[in-house]
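This report refers to the structure that appears directly beneath it.
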Amino acid sequence: KAGVTQTPRYLIKTRGQQVTLSCSPISGHRSVSWYQQTPGQGLQFLFEYFSETQRNKGNFPGRFSGRQFSNSRSEMNVSTLELGDSALYLCASSAEWTGEKLFFGSGTQLSVL
Amino acid sequence: AQKVTQAQTEISVVEKEDVTLDCVYETRDTTYYLFWYKQPPSGELVFLIRRNSFDEQNEISGRYSWNFQKSTSSFNFTITASQVVDSAVYFCALSAHSGGYQKVTFGTGTKLQVIP
């Protein structure tokens, strides 16, 4: 079984731009969640999608949004990038819910200049 | 509210030493799940273990062992006879109901360096 795939692996953007990150979960997994990882902050939960619906959301501004498609693939979008958005963005999938074991992708390293 | 505290930011040990990574959690739920994940330099978190709140039995898997104590809200992880390949960032996580939803909260991680 293929693992969780995140694209692109690296991104460099400038302030004010927007960015879209992609995540393909493990086949058959319906729950996809996104995390922001920064040094010293650990993993901060962004949101979770299940069957194309946002099921849970963390404490991030509205500039952070996401969606999930019928094939469970998910995208997250950050608009009007700020320097503080520089981080590793990790996607995780699980079969049904986040009380199960999570399978993580390698992440997208976003640098905002 | 739920919270996970990993007080040890960085630990360095010499190869073959034993090392314990501490994890303390807070939740009001009576049913919850605790996890440990390993993040090697490649960046991808790898699942190590999942325990539910009703199972306090300690677990051993090879050189890894976990001690779950509800009385102290702790879920500590011990690596016996550490190896260089154990060098990574280790995250403790808690999954519990918060605001009507199942939510996962991660600790800030402990960076383990094993020196040859």
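Each value in this text was obtained by applying a stated rule to the coordinates, not by laboratory testing. Only a predicted model underlies this, so the values are computations on that prediction, with no experimental measurement involved. Here the Cβ positions follow ideal geometry from the backbone for every residue, glycine too, while neighbour counts run over all protein chains shown.
For region B:15-85, what relative contact order do you get, as a whole percent, if you take Cα pairs closer than 8 Å and at least 6 residues apart?
On the way: 116 pairs, mean separation 30.0, N = 71.
Relative contact order here is 42 percent.
Mind checking the dipole of chain A: about its Cα centre, +1 per Lys or Arg Cβ, -1 per Asp or Glu Cβ, Debye to the nearest 20?
Here chain A has a charge dipole of around 140 debye.
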Considering only Cα-Cα distances, which of the following residue pairs are longer than 19 Å: A:LYS101/B:LYS111; A:LYS57/B:LYS3; A:LYS101/B:LYS103?
-> A:LYS101/B:LYS111
Kirkwood Rh, chain B, all Cα pairs: how many Å?
-> 14.4
In terms of the charge dipole of region B:1-107, which places +1 on Lys and Arg and -1 on Asp and Glu at the beta carbon, the residue among B:ALA96, B:ILE11, B:LEU34 farthest towards the positive end is B:ALA96
Roughly how many debye, to the nearest 20, is the charge dipole of chain B about its Cα centre, given +1 on each Lys and Arg Cβ, -1 on each Asp and Glu Cβ, and no other charges?
-> 280
Quick calc of log₁₀ I(q)/I(0), chain A, Debye, one scatterer on every Cα, no solvent, q values 0.11, 0.19, 0.20 1/Å, result -0.31, -0.92, -1.02
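Lys and Arg at +1, Asp and Glu at -1: add these up for the other residues within a Cβ distance under 13 Å of A:GLU48 and post the number. Could the numbers behind the result be given before it?
Numbers: positive: A:ARG30, A:ARG55, A:LYS57, A:ARG67, B:LYS103; negative: A:GLU52, A:GLU96, A:GLU100.
With Lys, Arg at +1 and Asp, Glu at -1, the neighbours total +2.
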Measuring from label point to label point, each 7 Å out along Cα→Cβ, what is the A:SER51 to B:THR78 span in nm?
-> 4.5
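Sort B:ASP86, B:ASP55 by Cβ crowding within 10 Å, fewest neighbours at the top.
On the way: B:ASP86 19, B:ASP55 12.
Neighbour counts put them in this order, fewest first: B:ASP55, B:ASP86.
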Net dipole in debye of region A:26-90 [+1 Lys, Arg Cβ; -1 Asp, Glu Cβ; about Cα centre; nearest 20] | 180
Between the alpha carbon centres of region A:37-91 and region B:62-116 the gap in Å comes to 23
So, in nm, how far is label A:GLU96 from label A:THR80 when the simple model puts each one 7 Å beyond its Cα toward the Cβ?
-> 4.1
Projected label distance in nm at B:SER71 and A:ARG9, using a 7 Å step from Cα toward the beta-carbon = 4.9
Can you check how the C-alpha radius of gyration of the protein assembly as shown compares to 2.2 N^0.38 Å, as a plain ratio?
-> 1.01
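Relative contact order for chain A using alpha-carbon pairs under 8 Å, separation at least 6, rounded to a whole percent?
Relative contact order of chain A: 37 percent.
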